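The values are calculated or read from the model by the stated rules, or taken from the named source; none is laboratory data. Small disclaimer: the values here were computed from a predicted structure and weren't measured. We place every Cβ from the backbone using ideal geometry, glycine too, and count neighbours over all the protein chains shown. What goes into the accessible areas is simple: the full protein's heavy atoms, side chains included, and nothing from ligands, DNA or RNA. Shrake-Rupley method; radii C 1.70, N 1.55, O 1.52, S 1.80 Å.
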Amino acid sequence: MLISFITPGGGGGGGAAPSRTRDGAPPGEVLWRSRVRPQALHAAGDSVVWRAGPEVGSVWAATGAALWTARADEGVPATELSAVSAVSSTADTGAVYVAVSGRDGEGVRVLAREAGDGRVRWWRDLPEPPARTPVLTATGGLVLYGAGGGLTALDGASGETVWRYGVQGTISRRPTVSGDCLVLADGLLLTALHLPTGKPLWHWPRNTHRGGPGLPGGPVHVTDGKTVRALHRREGHVVWHFDAGTPAPTGMLSLDDTVHVAAHRAQEGWDTVSALDAESGAVRWRRPLVRRQGPDCAVELLGAGPDPRGARGALGARGLLYVKAADGGRGGLLGRTPRPPFLAALDLRTGELRWQWEHAGIGSTVRTGPGIAVALPELTAIAVP
């Protein structure tokens, strides 16, 4: 076994004991810092999972103490891939999933590691062409892997293939999952699948309803070019649409009865965050956040948390929406003064800016534990309100 296991408070592998910890720190204070410089971050229960090149590792979310580090498919009881072209990762509360693309026709190896110690739970070699940026996500007890040619669903506990759905082109972005409904983009076509079985439900805009299980819940919300669409969960017809602008790759977040969208609106010259009623599409609030020329959107939605003030409003318990701006845009009276990237918290009920923290080196980010873990470029946890 080549995995480097690290006891809390020790050093080694790709991490180190935290250089600083503080309990009850005010917003914006450093909670801890690790020496690893991650390219991607994921939340996995009580830990933060990081990836740096072919290495994947984990630290405690509360303290930053290193747990384990492994390279690509180390620990798999089979011949390691002789040449690795790309490594992707994702996680859920109990496991870390890694996709390793080999060179020279070696295909793709997907494996699951235990979140707590990094040991290999299962592994599978897939007859898929290697991909530098494949779809890899964990949802509903399944691990979804997609590249050119199709989407494969593996059982998260055993790694057994549950279903596979072939596509004509390539899966152009991460699938949208809402309950038991999965919507994937195959070029210009949106296809809905029944998540547990992979059976097609409908296609849009070629709206061919296949029939299938009755799915409870309201519409499914997807981004389609510059438009947010609410599609009927069972039949696929459009319930409402909203001209958002240019959404960020992770620019939509559905919370209870509200859909939050981050997009660049060229006609206004701002990256904005909008809150829409999930059933009707009515705009509840819109917050211009970053003044910039675009054309893409630099704002990422990180998730939500409770408001420490504990107040209640018309929409129930007040909470905070956490966001990251990878480009701070320009400020000042004439809009010419460069601003650094920042993290921020918005009031979920009103969109009011409640907190902002600026830093020139903000990289990959994930909301976890007592704060936000961020690459600065060292892995660092920042306290949030």
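Worth pointing out:
- Number of positions in the stretch 328-356 that are hydrophobic (A, V, I, L, M, F, W, C) and surrounded by fewer than 19 Cβ atoms within 10 Å (Cβ to Cβ): 4
- Among the residues making up the stretch 113-165, those that are of a type in the set (Phe, Trp, Tyr) and more than 15 Å from residue 194 (Cα to Cα) are 122, 123, 145.
- Of everything in the stretch 230-270 that is charged (D, E, K, R) and assigned to a strand (DSSP E or B), the residue that is most open to solvent (accessible area, probe 1.4 Å) is 243.
- When restricted to residues that are part of a strand (DSSP E or B), in contact with a Ser or Thr (Cβ under 8 Å, 6 or more places away or on another chain), of a type outside the set (A, V, I, L, M, F, W, C) and free of Cβ contacts under 8 Å to residues at least 40 places away in the same chain, the stretch 176-201 contains 2.
- Hey, residue 121 within 27 Å of residue 48 (Cβ to Cβ) and part of a loop (DSSP other than H, G, I, E, B) or not: no
- Residues being open to solvent by 50 Å² or more (accessible area, probe 1.4 Å), in a strand (DSSP E or B) and either touching a residue at least 60 places away in the same chain (Cβ under 8 Å) or more than 17 Å from residue 343 (Cα to Cα) (or both) - total across the stretch 271-310: 4
- The residues in the stretch 126-154 that are without any contact (Cβ under 8 Å) to a residue 24 or more places away in the chain and open to solvent by 50 Å² or more (accessible area, probe 1.4 Å) can be counted, and the count is 3.
- Test: residue in the stretch 21-35 that is part of a loop (DSSP other than H, G, I, E, B) and open to solvent by less than 10 Å² (accessible area, probe 1.4 Å): yes
- Residue 50 meets the conditions (1) in contact with a Phe, Trp or Tyr (Cβ under 6 Å, 6 or more places away or on another chain); (2) hydrophobic (A, V, I, L, M, F, W, C); (3) part of a strand (DSSP E or B) in every case but one. The failed one is (1).
- Complete set of residues in the stretch 64-83 that are modelled with pLDDT under 95 and hydroxyl-bearing (Ser, Thr, Tyr): 79, 82
- Condition check for residue 385: at pLDDT 95 or above, open to solvent by 20 Å² or more (accessible area, probe 1.4 Å), of a type outside the set (A, V, I, L, M, F, W, C) and outside any strand (DSSP E or B): no
- Within the set 250, 191, 197, the sole residue that is at pLDDT 95 or above and under 16 Å from residue 175 (Cα atoms) turns out to be 197.
- Residue satisfying condition, being surrounded by fewer than 19 Cβ atoms within 10 Å (Cβ to Cβ), in contact (Cβ under 8 Å) with a residue 40 or more places away in the chain and not hydroxyl-bearing (Ser, Thr, Tyr), within set 173, 121: 173
- Subset of the stretch 53-68 [open to solvent by less than 10 Å² (accessible area, probe 1.4 Å), more than 13 Å from residue 100 (Cα to Cα) and not in a loop (DSSP other than H, G, I, E, B)]: 57, 58, 59, 66, 68
- Residues in the stretch 361-373 that are part of a loop (DSSP other than H, G, I, E, B) and at pLDDT below 95: 361, 369, 370.
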